Amino acid sequence: MNVVVSGTGVVLPRAASAGELIEPGPADAPPVEPRDLLGRKGLRYKDRATQLAYCAARAALRDAALLDDDGKPTVAAGSVAVVVSSNYGNLDTVTRAMDTITRETAAAGSPMDLPNASSNVVASSVAIRFGLRGPNLMLCNGATSGLDALRWGAELIRAGRVTRALVLGVEPDNAAVRAFVGGARTVDGAAAVVLESAAAAAERGVPALAALGGTVRGAGLAASLARLADAAGERPALWQVPETDALPEGLLDGVPRQDLGARFGLASGALGVLQCAAAAGWFARGGAGPVYASAGGDADDASAGLVLLRPAA
């Protein structure tokens, strides 16, 4: 079954669309303020990762024509899965709770923080807000997490569990995250894509923005790229590189590279979803395919890759 991208949503300080991932705004752009995009209703007591995810989810669902004017799904609620990737999403909530327990007792913690301490809070909150009743998954598994989320979303569609999947990647920037990652600045934003069977998108009259090709996951970046080349059958027109201190020499020499982490800040669990959205923006601007998206280097637990193809005319 062919799976395509039928909608994108990007919420970053320097980018508010897939196209702006290719040509971003100024480096000193202010942080995203979810209240300005969504209003205040429903944001109280929600952590920043969840608020950012709401913004990206709404943008992607609207882009895919899956929300009506009242914000309700235009398709059967059970036909849409939600898959979210974030490695640091609720780290501030967890550290705040632990600090409270250390200083005082567990009874001193805020009852409003308790739901936000669950690792699945972002995925479940997004599903509840938008009335999406398909499978609900949260991935927090390191460098490959974003590409893994895309793979899970596509597999849910191919297995017939759902017709489409909202896949999100989000990483907030706050004191707890910076302390954990050694002071690095994160993207402080979110990206979302709607994956859908090509037949379902065509039936709804929604154009495909990109098509998913082969996926790989295993040890070693070079091995991952070799397997991607086997899956694609041709060299890429663009290589979206992983977040790593230094890329090994000799990999895809002469192929243009896109480093979203260097451009927007540490993306971590959001990287793969950002790469997918950026590929859609690349194709919309006339870019050639295929695009190789890579996450995880030789120092990570694994390396993952995804081939993204120009949609059929």
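Scanning the stretch 83-95 finds one or more residues that are over 20 Å from Pro135 (Cα atoms), outside any loop (DSSP other than H, G, I, E, B), open to solvent by 20 Å² or more (accessible area, probe 1.4 Å) and touching a Phe, Trp or Tyr at 6+ places or on another chain (Cβ under 8 Å). Per the conditions (1) of a type outside the set (Asp, Glu); (2) more than 21 Å from the chain's Cα centre (by Cα); (3) assigned to a loop (DSSP other than H, G, I, E, B), the sole criterion not satisfied by Ser17 is (2). Looking only at the stretch 20-43, residues that are surrounded by 15 or more Cβ atoms within 10 Å (Cβ to Cβ) and either in a helix (DSSP H, G or I) or not assigned by the TED database to the domain that holds Tyr88 (or both) come to 5 in all.
Of the set (1) surrounded by fewer than 24 Cβ atoms within 10 Å (Cβ to Cβ); (2) small (Gly, Ala, Ser); (3) closer than 25 Å to Ala15 by Cα, all apply to Ala143 but (1).
Scanning the stretch 265-284 for residues that are open to solvent by less than 20 Å² (accessible area, probe 1.4 Å) and more than 15 Å from the chain's Cα centre (by Cα) yields one hit, Phe283. On inspection, Leu274 does not qualify as touching a Cys at 6+ places or on another chain (Cβ under 8 Å) and under 18 Å from Gly19 (Cα atoms).
Looking at the stretch 230-242, which of the residues that are within 24 Å of the chain's Cα centre (by Cα) and surrounded by fewer than 19 Cβ atoms within 10 Å (Cβ to Cβ) is nearest to Gln275 (Cα to Cα)?
Initial filter on the stretch 230-242 (within 24 Å of the chain's Cα centre (by Cα)): 231-232, 236-242.
Still in the list and also surrounded by fewer than 19 Cβ atoms within 10 Å (Cβ to Cβ): 231, 237.
Details: Ala231: 18, Ala237: 14 Å.
Applying the filter and picking the extreme gives Ala237.
Taking the numbered list (1) assigned to a helix (DSSP H, G or I); (2) touching a Cys at 6+ places or on another chain (Cβ under 8 Å) in turn, Arg178 passes all entries but (2). Test Ala208 against the criterion of being part of a loop (DSSP other than H, G, I, E, B), at pLDDT 95 or above and surrounded by fewer than 24 Cβ atoms within 10 Å (Cβ to Cβ), and give yes or no. So Ala208 passes the test. Only residues that are part of a loop (DSSP other than H, G, I, E, B), open to solvent by less than 40 Å² (accessible area, probe 1.4 Å) and within 19 Å of Val10 (Cα to Cα) were counted across the stretch 44-80, and they come to 4. For Asp245, the conditions (1) farther than 20 Å from Leu271 by Cα; (2) surrounded by fewer than 19 Cβ atoms within 10 Å (Cβ to Cβ) all hold with the exception of (1).
Kindly establish whether Val193 is open to solvent by less than 10 Å² (accessible area, probe 1.4 Å) and touching a residue at least 24 places away in the same chain (Cβ under 8 Å). So Val193 fits the description; yes. Check the stretch 42-55 and report whether any residue there is farther than 14 Å from Asp188 by Cβ, free of Cβ contacts under 8 Å to residues at least 24 places away in the same chain and more than 16 Å from the chain's Cα centre (by Cα). Yes, the conditions are met somewhere in the stretch 42-55. Checked against the criterion of being touching a residue at least 60 places away in the same chain (Cβ under 8 Å) and under 18 Å from Ala57 (Cβ atoms), the stretch 206-226 contains one or more residues that satisfy it. For Ala262, state whether it is open to solvent by 10 Å² or more (accessible area, probe 1.4 Å), of a type in the set (A, V, I, L, M) and under 25 Å from Arg185 (Cα atoms). Yes; evaluated as a whole, the condition is true for this residue.
The values are calculated or read from the model by the stated rules, or taken from the named source; none is laboratory data. What you are looking at is a predicted structure, and each value in this text was computed from that prediction instead of being measured. FYI the Cβ positions are ideal-geometry reconstructions off the backbone, even for glycines, and counts take in every protein chain you see. The area values use the complete protein model at the heavy-atom level, side chains included, leaving out ligands, DNA and RNA. Shrake-Rupley method; radii C 1.70, N 1.55, O 1.52, S 1.80 Å.
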